[in-house]
Structure formats: structure tokens, C-alpha cells
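What follows is a set of notes on a single structure, which appears directly below.
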Amino acid sequence: MVSGCLGRLKAIRLRKIKFELMVSILLFLLLLLLPVMSGCKQEIEKPIYVGVVLSATGVSSSLGEKEKRSLELIEEEINKKGGVSGQTIKFVILDDRSEPARASVAATKLARNKNIIGLIGGSTTGTTLAIKPIAEKYQIPLVSMGAGTSLTKPPSKWVFRVAPSNSLAIEKILDYLFSQLHVRRIAILHDRNAFGTEGADEIETKSESRDIKIVSRENYGGEDTDMTSQIRRIMDSSGQALIVWGTNPGCAHVAISAHKLGIGIPIIFSHGIANKEFIDIAGEASDGVCFPACKILDPGSIQNKKWREQVDLFSEKYMKKYGTQIDSFAAHGYDAGLIVLRALRKNRTSRAIFRDEIEKIKDIVGIDGIYNYDSKNHDGLSVENLAMFRIENGKWKAID
């Protein structure tokens, strides 16, 4: 009987030992898995970083500040909805002060950071030209808001744009001059910077195919405030219209000088004046000025229902947050964020794959228009997204 009790005690003790061993093994396995589980959690919660280089201050601040606001708006909006598949989005914004050299330094700093998956910028052609080789060197996709045709022609593997290119805007202007105003002789006045010079060169090249003759070409500095001498020489030419290629504030001062002298011929500006700063600076001299821009400046000119709804919604959100109406540059910033977010939702495992996803984008309805990219087209927009505008009593009005 005693031996039977001892046998049962041994069996109980053995089962206890086995149970304790199994618990120990399970705890050990759990400890092994904890770092992996913790790593997964950190991966889910880790923000997605996108570098941004903008001209928030300096001569081009009227462009960059609007773009900055739009990016901050879309960042806040997407993160309130849970981010991108559970990851928050963070735009790391650096100010290049409207200087290409600073843009290059800022882009290099961002591109060297392996946590940055892509870049947005710059606000101008000049700053984007400084960023472009950085994007190519570090093989990081860049979505630009600059308009210079050379930024994407020929297509660079790593560079895309959201703003309408010089090429599209010039095509719109020349068609307007030739078909509606029946102009055959034009004068050109342009900013000496990269945007202005490249635009003027392209106007000369494209005018030949339209049988339009260039009778005068003048230039000015972006910070010049008196263009009297240039306007006088243009008035002495046989030009039937003047095309001015630049951005604000230079273009506004051109309008003031031309108004004071009573130039007497139509003035067509680049799409670089598509914001209220031009009207504010030029005042009454802005009346009658024409320029090409995306149709958002006069939403009533938008026939596509989805596009119109997108513009109205963005306009409402922008006004609510900032107390001012949208313009082309606010649209550029929002669309850059939109393009980046769409590609990130598809695949963000590497910079190269992220770049591929941008190139696959089709029929995305943005604010500036409807975007389509492929291996031969990194511009996104088409000339159908643009209209010609005239400023009347301080307001934009589509005229085609």
C-alpha cells in the first residue's frame, strides 16, 4: 500500500515537472517572438517621410507659401483619416529662400536621409533645376511644381511634375494670338532667370511654326521695379502684342510700367502670374491682362463633374483653414501631395518601386486637372486642362 502511494506521488510530481517544463518552453518562445512583434508594431507606427523643398520666403514666396499651406492641409487631412495603411505621413519641409544654391543643399540633405522615400519641389524652374541632379544622383523620385519644359523633356527617370509646363502654356498663348487676335508680329519681355529665359527661347522656337515673327526681345531682373526703358523699346517696334514671361513681383511691375506708358497693344503674361499677388501689386494696371492657367481660377469653366467637385471641395477646405481663396500655386502643392499619396498607397517598399508607382498613375483627378503619366510623359497634364484668362475689375475670367 505504501509503495502504491509512493508511485502515485511520483506520477503527480512527474506531471508537474512536465507542466512546468512546457510553461518554461512557451515563455521562452514568447520572449523570442516579442522583438519580432514589437518590430512589426514599430513598422506600422513609423511615419512615412517625404522631403519637400519650397520657396517659402524670398522673391518667389508668393508661390512657395501657397504650396506649403496646401501640403500642410493634405498632411493634416490624410492623418486624421488614419494615414496611409495605418502609417502617418510627414512632409519634411525646408525653405530654399528662392535660391537655387540653397535648394541644392536642402535637397541633398533630404536625399541622403534613407528614411525619406521621395521629394517634392521646387517651387520654380530654377530651384527644380538645382534639385534635379540630386534626385538623379541619389535615385529618389522628385515631384516638381516648376514649369520649365527642360525639367521633364526629355523625360528624366526620377523627375515628374504637377504644374502645367511652359510648353503647354506657350501652345495655349500662341493659339490665342494666332487664331483669335490674328497677331503675326510679337515682342517678348522676360525675366533673366531660368524660367523666363527658357520660356522666351521656347516662344521663339514655337512661333516659327505658327508663322509669327519675333520683332523685339527684352529682359529684366526678377527684383527690378521699373521696366520703362524696355517697354519704350518694345513700343518702338512693330509688335502687335507683347508676351511677358516671368513670375511675381517682376511681372506686376511690367504691367505697371506698360500701363503708365500706354503701351497700346495686348499684353499676354505667362502662367506665372496666376495668383492674387499680381492683382494686388499691379492694381488697375492688371485690368485687361491675359494669361493661360489651369481652369481652377474660374471653376465655372470646368466641364468635368468630378474635377469640378474636387476643386470646390479643396477651395472650401483651403478657405476654412487659411481664410483666402485658392490659386494655381495652392493647387500645385495639393496635387503634388495627392500624386505622392496615391503612389505610396500602392507600394512604398523602396524609392525605386515608389517611382514606378508614380509612373503608372492614370486618370487621377486633381485640382489643376486630370493626371496621366507613363514612361514617355512625366508632365501629367495636357493642354485641355488649361484656359486663357483675362483680368477684369480685379477678377479672373476664362475667355475661351
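If the range 290-346 were replaced by its equivalent ellipsoid, with semi-axes equal to the square roots of 5 times the Cα gyration tensor eigenvalues, what would those be, largest first, whole Å?
Each semi-axis is √(5λ); the values are 20, 15, 12 Å.
Using the beta-carbon distance between Glu223 and Thr349 and R0 = 30 Å, what value does 1/(1 + (r/R0)^6) give for FRET efficiency, to the nearest 0.05? Working shown, then result.
Working: r = 45 Å, r/R0 = 1.50.
The formula returns an efficiency of 0.10 here.
Could you grab the relative contact order for the chain? Cα pairs under 8 Å, six or more apart, rounded to a whole percent. Show your work: numbers first, answer last.
Values: 780 pairs, mean separation 61.4, N = 400.
Reported relative contact order: 15 percent.
What residues qualify as long-range amide H neighbours of Gly148, i.e. H under 5 Å apart, gap of 5 or more or another chain, H built at 1.01 Å from N?
The list, which skips near neighbours in sequence, is Thr125, Asn166.
Which value in nm describes the separation of the simple spin-label points at Lys46 and Thr88, placed 7 Å from the Cα toward the beta carbon?
Placing both labels 7 Å beyond Cα along the Cβ direction yields 1.6 nm.
Calculate how steeply helix 2-45 sits against the longest principal axis of the alpha-carbon atoms of the chain, using the helix alpha-carbon long axis, and give the answer as 0 to 90 degrees to the nearest 10.
For 2-45 against the chain, the angle is about 10 degrees.
Could you work out how far apart the two model spin labels at Lys157 and Gln325 are, taking each label as a point 7 Å from the Cα in the direction of the beta carbon, and quote it in nm?
Label-label distance for Lys157 and Gln325, simple model: 4.5 nm.
Just to check, using Stokes-Einstein with a Kirkwood Rh over alpha carbon pairs, what's the diffusion coefficient of the range 133-277 at 4 °C and 1.567 mPa s in µm²/s? Could you put the intermediate results ahead of the total?
Values: Rh = 15.9 Å.
Rounded to a whole number, D works out at 81 µm²/s.
As I understand it, the dipole of the range 183-314 uses +1 on the Cβ of Lys and Arg and -1 on the Cβ of Asp and Glu, about the Cα centre. Which of Ser257, Cys290, Ile273 lies farthest toward its positive end?
Cys290
For Glu76 and Leu181 in the same chain, what is the full-extension length gain: residue separation times 0.36 nm, less their Cα-Cα distance, in nm?
Working: separation 105, 0.36 × 105 = 37.80 nm, distance 4.57 nm.
Length gained between Glu76 and Leu181: 33.2 nm.
Neighbouring Cβ atoms within 10 Å as the yardstick, rank Leu341, Leu54, Leu297 fewest first.
Leu341, Leu297, Leu54
How large is Rg/Rh for the range 219-299, to two decimals, with Cα atoms and a Kirkwood Rh?
Values: Rg = 12.1 Å, Rh = 12.8 Å.
Expressed as Rg/Rh, it is 0.95.
Whole-Hz ³J(HN,Hα) for each residue in the range 68-77, computed from phi via Karplus 6.51 cos²θ - 1.76 cosθ + 1.60 with θ = phi - 60°, x for glycine and proline: what do you get?
With coefficients 6.51, -1.76 and 1.60, one gets 4, 4, 5, 5, 5, 5, 5, 5, 4, 5 Hz.
When the dipole is taken about the Cα centre of the range 242-348, and only Lys, Arg (+1) and Asp, Glu (-1) are charged at their Cβ, what size is it in debye, to the nearest 20?
With Lys and Arg at +1 and Asp and Glu at -1, about 780 debye.
To the nearest 20 debye, what is the magnitude of the charge dipole of the range 68-128 about its Cα centre, counting +1 on the Cβ of each Lys and Arg and -1 on the Cβ of each Asp and Glu? Present the calculation step by step, with values, prior to reporting the outcome.
Numbers: 10 positive and 7 negative charges, 40 e Å.
Around 200 debye, computed over the range 68-128.
How big is the range 130-209 along each principal axis, measuring the range of its Cα positions in Å and listing the largest first?
48, 23, 18 Å, listed from the longest principal axis down.
Report ³J(HN,Hα) in whole Hz for each residue of the range 176-185, in order, from the Karplus equation J = 6.51 cos²θ - 1.76 cosθ + 1.60 where θ = phi - 60°; Gly and Pro get x.
5, 5, 6, 8, 9, 9, 6, 7, 10, 9
Stretch Thr57-Gln139 to full length: gain in nm at 0.36 nm per residue minus the Cα-Cα span?
Details: separation 82, 0.36 × 82 = 29.52 nm, distance 2.77 nm.
Extra length available between Thr57 and Gln139 comes to 26.7 nm.
What does the extension gain come out to for Lys376 and Lys362, with contour length at 0.36 nm per residue minus their alpha carbon separation?
Contour length minus Cα-Cα distance gives 3.7 nm.
Could you sort out which of Lys80/Lys172; Lys172/Lys305; Lys153/Lys321; Lys68/Lys360 sit more than 28 Å apart by Cα distance in this structure? Mind showing how you got there, number by number?
Values: Lys80/Lys172 39 Å; Lys172/Lys305 23 Å; Lys153/Lys321 37 Å; Lys68/Lys360 26 Å.
Beyond 28 Å between Cα atoms: Lys80/Lys172; Lys153/Lys321.
In whole angstrom, note down how far apart the Cα centers of the range 209-236 and the range 331-382 are.
If you average the Cα positions of each part, the centres end up 37 Å apart.
So how far apart, in nm, are the two label points at Glu316 and Arg232 if each is 7 Å from Cα heading toward Cβ?
Modelled inter-label distance: 5.5 nm.
Of the labelled options (1) 39, 25, 19; (2) 37, 29, 19; (3) 58, 19, 18, which one gives semi-axes √(5λ) of the Cα gyration tensor in Å as computed for this structure?
Correct label is (3).
Measure nothing but the geometry: give the 0 to 90° angle between the long axis through the Cα atoms of 100-112 and the longest principal axis through the Cα atoms of the chain, rounded to 10°.
Helix 100-112 sits at roughly 20 degrees to that axis.
In debye to the nearest 20, how big a dipole does the range 74-221 give about its Cα centre with +1 on each Lys and Arg Cβ and -1 on each Asp and Glu Cβ?
Details: 21 positive and 17 negative charges, 86 e Å.
For the range 74-221, the charge dipole is close to 420 debye.
Can you tell me the alpha carbon radius of gyration of the range 65-130 divided by the globular rule-of-thumb value 2.2 N^0.38 Å? Provide the component values of the computation, followed by the final result.
Working: Rg = 13.1 Å, N = 66, 2.2 N^0.38 = 10.8 Å.
So the Cα radius of gyration is 1.22 times the expected 2.2 N^0.38 Å.
With θ set to phi - 60° and the Karplus curve 6.51 cos²θ - 1.76 cosθ + 1.60, what are the ³J(HN,Hα) couplings of the range 158-166 in order, to the nearest whole Hz, using x for Gly and Pro?
9, 10, 10, 9, 10, 6, x, 6, 3
Could you point to the residue in Ile93, Gln230, Thr197 farthest towards the positive end of the chain's charge dipole, with +1 and -1 charges on the Cβ of Lys/Arg and Asp/Glu respectively?
So the residue furthest toward the plus end is Ile93.
Which value, in Å³ per residue, describes the convex hull spanned by the Cα atoms of the range 239-398? Present the calculation step by step, with values, prior to reporting the outcome.
On the way: hull volume 21.7 nm³, N = 160.
Roughly 135 Å³ of hull volume per residue.
Can you list which of the trypsin sites (Lys or Arg not before Pro) found in the range 44-138 are DSSP loop residues with at most 11 other C-beta atoms within 10 Å?
Numbers: sites: Lys66, Lys68, Arg69, Lys80, Lys81, Lys90, Arg97, Arg102, Lys109, Arg112, Lys114, Lys137; in loops: Lys81, Arg97, Lys114.
Qualifying residues, ordered by number: Lys81, Lys114.
Between 0 and 90 degrees, rounded to the nearest ten: what's the tilt of helix 328-346 against the longest Cα principal axis of the chain?
Helix 328-346 and the main axis of the chain meet at about 30 degrees.
Read-outs throughout are calculated quantities, based only on the coordinates presented, and are distinct from any laboratory measurement. None of these values were measured; they are calculated from a predicted model. A quick note on method: Cβ atoms are made from the backbone with ideal geometry, for glycine too, and the neighbour counts reach across all protein chains shown.
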